[in-house]
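The values are calculated or read from the model by the stated rules, or taken from the named source; none is laboratory data. Worth saying up front: this structure is predicted, and the values here are computed from it rather than measured. Every residue, glycine as well, gets a Cβ built from its backbone with ideal geometry; the counts of neighbours run over all protein chains shown. Accessible surface areas use protein heavy atoms only, side chains included; no ligands, DNA or RNA. Shrake-Rupley method; radii C 1.70, N 1.55, O 1.52, S 1.80 Å.
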Amino acid sequence: MTNKISPPALIGFVGLGNMGYPMAKCLVAAGYQLVVADLNTEAVEKFCTETGSSSAQNLQDLAAKSDVVITMLPEGNAVRQVLMSEDGIVSGLQQGTILIDMSSCSPVGTRKLAGELEELDFPLIDAPVSGGVYKAAEGGLSIMVGGEKAVVERCLPLLEVMGKPFLTGGPASGHAMKAMNNYLSAASLAIASEAVILGSKFGLNSEVMVDILNASTGRSNSTEHKFPTFILPGTFNSGFFIGLMAKDLRLARELAEAEGTSTDILKLVSTMWDKAEAELGFKADNTEVYKYLESQVKDGS
Ligand code: NAD
C-alpha cells in the first residue's frame, strides 16, 4: 500500500461543528474534493455555499463516493452510529476506502470498533486532535494518530493539511493519547483557576498573577492561552464545550478502569468537571469552569 491520499482525492466529511468546519475548510483549500454531512443542515448549507463542496444525500451516498471518510463527532456513540447503523457509512462503503475518526473517543470503544471493522476489511485510523478552534482554522492542530502503519502513512498528506501528525502506535492509541492530554489540560485549567481565585481573594490582581505565572514554573497552556484570551477578558468563547471536556475525563477514567489502576487525582478532577457541567450545562464554554470554581470558593463548599 503506497498510494498516498493526495489532492484531488474525494473526502467524505461527517461533522461540521466547531472543529470539523474549519478542518474541512483547510482540506478544500489544499485541493481535496469534499462531500459533507451533519445533522445540522444549516452548517452543511453554509459550508457548501462557502466552498463549492457537495452535500451528501445520505451516509451511504457519502460512503460510496469517498476515497477516505473522516468523522469529527462529539463522542464514540455518535461515531459508532454513523459508521455501523443499518444505513450508515459501512453499508455504502467500497473496499479500499479508509475511515479516519478525528473525534475524541473512548480508547476502549475504539479498540473494539477497529476490530469489528478489520473483520469487514475496512481499516480504521483514530486521529484525534488538540489545539482548539483557532489552530483548526490555521491547519496547526497536533494530531495523535493510531492505526496500522501502512494505512496511516497513506493518509499523512491529508492529515498534514490539518496539522502535525504524531504516530502513537496501533489502533486506539491516538484516542488513548488524547484522553491523557485532556486529563492534563482539564486538571491544569481547574488548578490554575483555583489558584487565581484564591490569590484574588487575598488581594492579588488576577492579571498580574497570570503575567507572573507565565514567567514562572506554574505556567501551562491554560495560563499562557486560555486565561489571557478567554477568562480575563470575560469572553468565555473558546469554542470547546464544557460537556466535551467532562466527557474526555470520563474517557480517561474508563481507560484507567480498563487497566485496573487506581487514580485518585483523576477521579477528583473528573468529578469536579462533571459537577461543573451539571451546574452550567453541556454547551457552556470549558473556560467557564473558572466561574464555577469562583462560585464554589464564595460558597466555601
Ligand atoms: P461540536 O458539538 O461543535 O460539533 C459536532 C458536530 O457533529 C455538530 O455539528 C453535530 O451536529 C454533529 N453531529 C452529532 N451527531 C451527529 C450524527 N449522528 N450525524 C451527523 N452529525 C452529527 O463539537 P466540536 O467542538 O467540533 O468537537 C468535535 C470532537 O472534537 C469532539 O470529540 C471533541 O471532544 C473534539 N475536540 C474539540 C475541540 C474544541 O476545541 N472544540 C478540540 C479538540 C478536540
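Scanning for something among the aliphatic types (A, V, I, L, M) and under 17 Å from the mean Cα position of the chain (by Cα), does the range 1-17 turn up at least one residue?
Taking the range 1-17 first, the residues among the aliphatic types (A, V, I, L, M) are 1, 5, 9-11, 14, 16.
Pick out the ones that are also under 17 Å from the mean Cα position of the chain (by Cα) and you get 14, 16.
For the range 1-17, residues among the aliphatic types (A, V, I, L, M) and under 17 Å from the mean Cα position of the chain (by Cα): present.
For the range 27-52, a residue qualifies if it is open to solvent by 20 Å² or more (accessible area, probe 1.4 Å), more than 9 Å from the ligand (Cβ to nearest atom) and at negative phi, and the qualifying residues are Val28, Ala29, Ala30, Gln33, Thr41, Glu42, Glu45, Lys46, Cys48, Thr49, Glu50, Thr51. Scanning the range 246-279 for residues that are under 10 Å from Ala179 (Cα atoms) and open to solvent by 90 Å² or more (accessible area, probe 1.4 Å) yields a single hit, Arg250. All told, Ile5 meets the bar of being β-branched (Val, Ile, Thr), crowded, with 19+ Cβ neighbours inside 10 Å, assigned to a loop (DSSP other than H, G, I, E, B) and at pLDDT 95 or above. A residue that is under 23 Å from the mean Cα position of the chain (by Cα) and surrounded by 15 or more Cβ atoms within 10 Å (Cβ to Cβ) occurs nowhere in the range 201-218.
Check Ser91, Ser85, Ser66 and return the single one that is in contact with a strand residue (DSSP E or B) (Cβ under 6 Å, 6 or more places away or on another chain) and more than 24 Å from Gly140 (Cα to Cα). It would help to see each step written out before you state the result.
Values: Ser91 fails: in contact with a strand residue (DSSP E or B) (Cβ under 6 Å, 6 or more places away or on another chain); Ser85 fails: in contact with a strand residue (DSSP E or B) (Cβ under 6 Å, 6 or more places away or on another chain).
Residue meeting the stated conditions: Ser66.
Taken together, the residues in the range 280-294 that are open to solvent by 40 Å² or more (accessible area, probe 1.4 Å) and either free of Cβ contacts under 8 Å to residues at least 24 places away in the same chain or in a helix (DSSP H, G or I) (or both) amount to 3.
Any residue at all in the range 133-156 that is of a type in the set (Phe, Trp, Tyr), open to solvent by less than 30 Å² (accessible area, probe 1.4 Å) and either in the same structural domain as Val36 (by TED's automatic domain parsing) or within 16 Å of the ligand (Cβ to nearest atom) (or both)? Taking every residue of the range 133-156 in turn, none turns out to be of a type in the set (Phe, Trp, Tyr), open to solvent by less than 30 Å² (accessible area, probe 1.4 Å) and either in the same structural domain as Val36 (by TED's automatic domain parsing) or within 16 Å of the ligand (Cβ to nearest atom) (or both).
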